[in-house]
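Only one structure is covered here, and it is reproduced in the block below.
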Amino acid sequence: ASLFISKDRGETWELNESLYDHPHRGQWNPGAGGLCLHTILLDPTNENRMYIAVSAAGCYRTDDGGQTWKPYNKNVRADFMPDKFPEFGQCVHKITMHPSNPNVLYQQNHCGVYRSDNAGDDWVDIGDGKLPARFGFPIAVHPTDPRTIYVALEESDEYRMSVDGKFSVWRSRDAGESWTRLTKGLPDKAHLVILREAMATDTFEDAGI
């Protein structure tokens, strides 16, 4: 799990040593796919702020252009660890950003779906008691209606397949307060695994998913 930076449009690259030498690194544990830095989000209003997500280390943020990194995982579960709410070590599967308010983030985690309204300072579980499962990989935000989000869930870490063996997408139109299961046109006998980059939105109106 490393981050490389180019300052000449990709002609040359250099290792971000502050992340590579982070004091937490020795305690990061690889997920099933290895120790993977899979998400990089840039704050369009602050050139020095960036978020990364690492499985299984959690969400980290820099506010000084990558010179230092701090974990931002408050209230995010890690059911597979002795401390269920550790400072770091969560298995983040995907993070996405509100298209018009970069302080609002959405996260699909190994242990739930979350929203942060304050740039990751803390997170709220927006799926607990509302969605049929915690586990999943992709999460996407509507490009023009940022309160509309989509997830594709799986039964669990142990049973990585569509919930009830029926492929479906879950949609919230109120930032996670409530959810609707969408199945029209999707196979109802499909023991599938949907990975983190397998769902996205375009910028058309109506938006394509």
Glu197 vs. criteria assigned to a loop (DSSP other than H, G, I, E, B) and either farther than 26 Å from Ser116 by Cβ or among the acidic types (Asp, Glu) (or both): no
All positions within the range 55-80 that are modelled with pLDDT under 95 and in a strand (DSSP E or B): Ser55
Answer residue from the range 160-185, given it is under 25 Å from Met97 (Cβ atoms) and β-branched (Val, Ile, Thr) and is farthest from the chain's Cα centre (by Cα) among those: Thr180
Residue under evaluation Ala175, criteria (1) surrounded by 16 or more Cβ atoms within 10 Å (Cβ to Cβ); (2) of a type outside the set (Val, Ile, Thr); (3) modelled with pLDDT of 90 or more; (4) under 26 Å from Phe80 (Cα atoms), criterion not met: (4)
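Please go through the range 150-209 and give me each residue that is of a type in the set (Asp, Glu), in contact with a Phe, Trp or Tyr (Cβ under 8 Å, 6 or more places away or on another chain) and under 22 Å from Ile126 (Cα atoms), ordered by number.
Initial filter on the range 150-209 (of a type in the set (Asp, Glu)): 154-155, 157-158, 164, 174, 177, 188, 197, 202, 205-206.
From what is left, the residues that are in contact with a Phe, Trp or Tyr (Cβ under 8 Å, 6 or more places away or on another chain) are 154-155, 157, 188.
Of everything in the range 150-209, those that are of a type in the set (Asp, Glu), in contact with a Phe, Trp or Tyr (Cβ under 8 Å, 6 or more places away or on another chain) and under 22 Å from Ile126 (Cα atoms) turn out to be Glu154, Glu155, Asp157.
Mind counting the residues in the range 83-102 that are in contact with a helix residue (DSSP H, G or I) (Cβ under 8 Å, 6 or more places away or on another chain) and of a type in the set (Asp, Glu)? Please lay out each step first, then the result.
First, the residues of the range 83-102 that are in contact with a helix residue (DSSP H, G or I) (Cβ under 8 Å, 6 or more places away or on another chain): 88-89, 93-94.
Then drop every residue that is not of a type in the set (Asp, Glu), which leaves none.
Number satisfying all stated conditions: 0.
Out of the residues in the range 6-41 that are part of a strand (DSSP E or B) and surrounded by 13 or more Cβ atoms within 10 Å (Cβ to Cβ), state the one that is farthest from the chain's Cα centre (by Cα).
We begin by selecting, within the range 6-41, every residue part of a strand (DSSP E or B); these are 14-15, 31, 34, 36-41.
Restricting the remaining residues to those that are surrounded by 13 or more Cβ atoms within 10 Å (Cβ to Cβ) gives 31, 36-39, 41.
On the way: Gly31: 14, Cys36: 13, Leu37: 11, His38: 9, Thr39: 7, Leu41: 10 Å.
Only one residue tops the list, namely Gly31.
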Residues satisfying the stated conditions in the range 81-134, i.e. under 22 Å from Glu155 (Cα atoms), free of Cβ contacts under 8 Å to residues at least 24 places away in the same chain and charged (D, E, K, R): Lys84, Asp128
Count - residues of the range 126-170 that are surrounded by fewer than 16 Cβ atoms within 10 Å (Cβ to Cβ), closer than 24 Å to Thr203 by Cβ and in contact with a strand residue (DSSP E or B) (Cβ under 8 Å, 6 or more places away or on another chain): 1
Pairs where the first residue, in the range 183-209, is within 22 Å of Glu158 (Cβ to Cβ) and in contact (Cβ under 8 Å) with a residue 60 or more places away in the chain and the second is of a type in the set (Ser, Thr, Tyr) and surrounded by 13 or more Cβ atoms within 10 Å (Cβ to Cβ), C-beta under 9 Å, 6+ apart: Arg196/Thr39
Condition check for Gln67: of a type outside the set (Val, Ile, Thr), surrounded by fewer than 17 Cβ atoms within 10 Å (Cβ to Cβ), at negative phi and touching a residue at least 60 places away in the same chain (Cβ under 8 Å): no
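The values are calculated or read from the model by the stated rules, or taken from the named source; none is laboratory data. No experiment lies behind these values; they were computed from the predicted model shown. Positions of Cβ are generated from backbone atoms using ideal geometry, with glycine treated the same way; all protein chains shown enter the neighbour counts.
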